[in-house]
Amino acid sequence: MGKFVVKETASGIKFDLLAANREVIATSEVYNSKASCLKGIASVTKNAVIASVEDQTAKEVKKEINPKFEIYKDKAGEFRFRLKAKNGQIIATSEGYKAKASCKNGIESVRRNVVNAEVVEIKQDK
């Protein structure tokens with residue numbers, strides 16, 4: 001079972017989605033408040049299981065409607081995905097993968113791990 005880890009940063013609050021093996025499989029933007037961060041988690045949970053996949057690295061890109069996972073290549077040439085909500089806002093992003101197949105596996109891992117994922121808050125020492 002996956003886990004959303006909520007933690008404070010220097011500029012706000014964010015979450016990481018961890019797989020059962022405790023590897024980070026998706027990360028959020030930095031939110032201004034805990035309430036906004038928790039809404040982001042709810043959005044990822046709701047949208048990840050129904051999102052289609054748009055492979056922007058394919059020769060012919062088949063445009064999908066939101067919510068969707070977008071597979072793309074970063075400046076280093078690695079494959080990444082981002083999850084967009086129905087309104088088009090990016091709600092989670094991945095690390096870089098050397099192979100597209102690994103990136104696709106990351107998407108499937110997100111889909112599996114959001115189901116019944118617990119939310120854990122990490123308190124930062126002040």
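The values are calculated or read from the model by the stated rules, or taken from the named source; none is laboratory data. Please read these numbers as outputs of a predicted model, since none were measured by experiment. Positions of Cβ are generated from backbone atoms using ideal geometry, with glycine treated the same way; all protein chains shown enter the neighbour counts. Calculation scope for accessible area: heavy atoms of the full protein, side chains included, ligands and nucleic acids excluded. Shrake-Rupley method; radii C 1.70, N 1.55, O 1.52, S 1.80 Å.
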Test result for VAL44, open to solvent by less than 50 Å² (accessible area, probe 1.4 Å), among the aliphatic types (A, V, I, L, M) and within 13 Å of the chain's Cα centre (by Cα) | yes
Quick one: is PHE79 farther than 22 Å from LYS123 by Cα and either touching a strand residue (DSSP E or B) at 6+ places or on another chain (Cβ under 9 Å) or open to solvent by less than 20 Å² (accessible area, probe 1.4 Å) (or both)?
-> yes
When you go through ASN66, ASN113, ASN87 one by one, which is the residue that is surrounded by 11 or more Cβ atoms within 10 Å (Cβ to Cβ) and either over 12 Å from the mean Cα position of the chain (by Cα) or among the β-branched types (Val, Ile, Thr) (or both)?
-> ASN66
Pick out, from the stretch 1-108, the strands (runs of 3 or more DSSP E) lying fully within it that include 3 or more residues that are touching a residue at least 12 places away in the same chain (Cβ under 8 Å) and not acidic (Asp, Glu).
-> 3-9, 12-18, 24-27, 68-73, 79-84, 90-93
In the list GLU64, GLU70, which residue meets the criterion of being modelled with pLDDT of 95 or more, farther than 11 Å from ALA48 by Cβ and in contact with a Lys or Arg (Cβ under 8 Å, 6 or more places away or on another chain)?
-> GLU70
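Can you tell me how many residues in the stretch 8-41 are closer than 25 Å to GLU108 by Cβ and open to solvent by 20 Å² or more (accessible area, probe 1.4 Å)?
Looking only at that region, the number is 11.
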Being surrounded by 20 or more Cβ atoms within 10 Å (Cβ to Cβ), aromatic (Phe, Trp, Tyr) and within 16 Å of the chain's Cα centre (by Cα), is that true of even one residue in the stretch 90-101?
-> no
Scan the stretch 112-126 for residues that are assigned to a helix (DSSP H, G or I) and in contact with a strand residue (DSSP E or B) (Cβ under 9 Å, 6 or more places away or on another chain) and report the count.
-> 2
